[in-house]
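What follows is one structure encoded as structure tokens, with my remarks underneath.
Taken together, the values in this text are just the output of simple stated rules run on the coordinates, not laboratory data. Keep in mind it's a predicted model, so treat the numbers as computed, not measured. Note that each Cβ is placed from the backbone with ideal geometry, even for glycine, and that neighbours are counted across all protein chains shown.
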Amino acid sequence: MQLTKNFSLEELIASETAVRKGIDNTPSPEIVANLRVLAAGLEKVRVALGRRPIHINSGYRCPALNEAVGGARNSFHMKGLAADILCPQFGSPLQVCRAIHAAGIRIDQIIHEYGKWCHVSFVAPPVQARGQLLTIASAKTGYLDGLHPVA
């Protein structure tokens, strides 16, 4: 099912971990509504990245899948409002994070995670977006405010 011009439900719920572990990652109708908000936000991200294709590493995660991948207990992935993305045709994960921020897109969070991907999350109206910019280099160091290079 196509949620927006460039993003489908299937790509936002796909998970190799779910397949490998036999986890049913089928979203509820309420989550599908949130996935439409996510897809609309990702369309804006795609424009900010010069309309280059975005690779979704992780989108929606049901609670069992979120636990299996070690996700945060309050992860927006479980709400269908977050995605971990890459856009190699645009640049590094840090460059992607910074471009999204520079575009002024109303986001809840942009997290430069482990130097490997960009986590971006949105909120469904009327919730107010936090506009947080964070970097995590390791579980040991935790989150730092701002978007920083990871050694």
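Annotations
- If you plug the beta carbon distance of ALA33 and ASN74 into 1/(1 + (r/R0)^6) with R0 = 22 Å, you get a FRET efficiency near 0.70.
- Dipole magnitude of the stretch 9-145 about its Cα centre (Cβ charges: Lys, Arg +1; Asp, Glu -1), debye to nearest 20: 280
- Annotation for SER92 and ASP24: the two label points, set 7 Å from Cα along the Cα-Cβ direction, are 4.3 nm apart.
- Residue order, fewest to most surrounding Cβ atoms within 10 angstrom, among SER8, SER15: SER8, SER15
- Potential lengthening between ALA14 and ARG51 on full extension [0.36 nm per residue; Cα-Cα distance subtracted]: 11.1 nm
- Of VAL47, GLY59, VAL69, farthest towards positive along the dipole that unit charges on Lys, Arg, Asp, Glu beta carbons give the stretch 34-99: VAL47
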